[in-house]
1. Could you tell me how many of the residues in segment 36-59 are modelled with pLDDT of 95 or more, part of a helix (DSSP H, G or I) and among the small types (Gly, Ala, Ser)?
2. Out of (1) touching a Lys or Arg at 6+ places or on another chain (Cβ under 9 Å); (2) assigned to a helix (DSSP H, G or I), the odd one out for Pro98 is which?
3. Might you let me know whether segment 72-85 holds any residue that is surrounded by 12 or more Cβ atoms within 10 Å (Cβ to Cβ), touching a Lys or Arg at 6+ places or on another chain (Cβ under 8 Å) and either free of Cβ contacts under 8 Å to residues at least 60 places away in the same chain or among the charged types (D, E, K, R) (or both)?
4. Please state which one of Arg144, Arg116 is of a type in the set (Lys, Arg), modelled with pLDDT of 95 or more, surrounded by 15 or more Cβ atoms within 10 Å (Cβ to Cβ) and more than 30 Å from Asp28 (Cβ to Cβ).
5. Would you mind finding the one in Ala62, Ala66 that is at pLDDT 90 or above and either more than 18 Å from Ala105 (Cβ to Cβ) or surrounded by 12 or more Cβ atoms within 10 Å (Cβ to Cβ) (or both)?
6. Considering only segment 133-150, state which residues are touching a Ser or Thr at 6+ places or on another chain (Cβ under 8 Å) and outside any loop (DSSP other than H, G, I, E, B).
7. Is it the case that some residue within segment 25-34 is part of a helix (DSSP H, G or I) and either more than 20 Å from Glu160 (Cβ to Cβ) or at pLDDT 90 or above (or both)?
Amino acid sequence: MSDAPRRPLYAIDTNVFMDWQARYYPTDVFASLPARVDALIAEHRFLAPELVHEELSKVGTAEISAWAVAHPEIWVPTSDLLAVTLTIQNRFPGLRDPKAEYDEADAFVIALAQLRDGIVVTQETSAAEKRNPKRSHFIPDVCRELGLPCISLLGLMRRESWRF
């Protein structure tokens, strides 16, 4: 048995891809970030529900959509997550946005982390940190109540000791 710390699996929310590639960590500045993410992918530690892929195809940039298509190995099928997702949605109905135009991936991301003993990675903040929250629960709220670790993309970078 090894004394090395367990290398965590990361369950990635849609907004992480948006912030990484389109907002705060663009690859023209963070040139080594794609290679570091690729290394996590190669270790099967960077995963997201298929529904995140669907969201990216609707709200993502052309570059993000192309990246998503080029990385089919990270997308976990909806059917693998559905039972746990429904349990989460039933327990936390305030997680769903009643005005959403399409299915939301939030509960699926949480279910993935719960099923695979992983860490949720999201850029969301809790309802208590928002001025006028649209709903009663956001990913960090549910993770806290379920006892799941929840970090931001910057938190992932720090956990992995990445330096740029």
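1. Number satisfying all stated conditions: 2.
2. (2)
3. No: zero hits.
4. Residue meeting the stated conditions: Arg116.
5. Selected residue: Ala66, the only one of Ala62, Ala66 that is at pLDDT 90 or above and either more than 18 Å from Ala105 (Cβ to Cβ) or surrounded by 12 or more Cβ atoms within 10 Å (Cβ to Cβ) (or both).
6. Ile139, Pro140, Asp141, Arg144, Cys150
7. yes
The values are calculated or read from the model by the stated rules, or taken from the named source; none is laboratory data. None of these values were measured; they are calculated from a predicted model. A quick note on method: Cβ atoms are made from the backbone with ideal geometry, for glycine too, and the neighbour counts reach across all protein chains shown.
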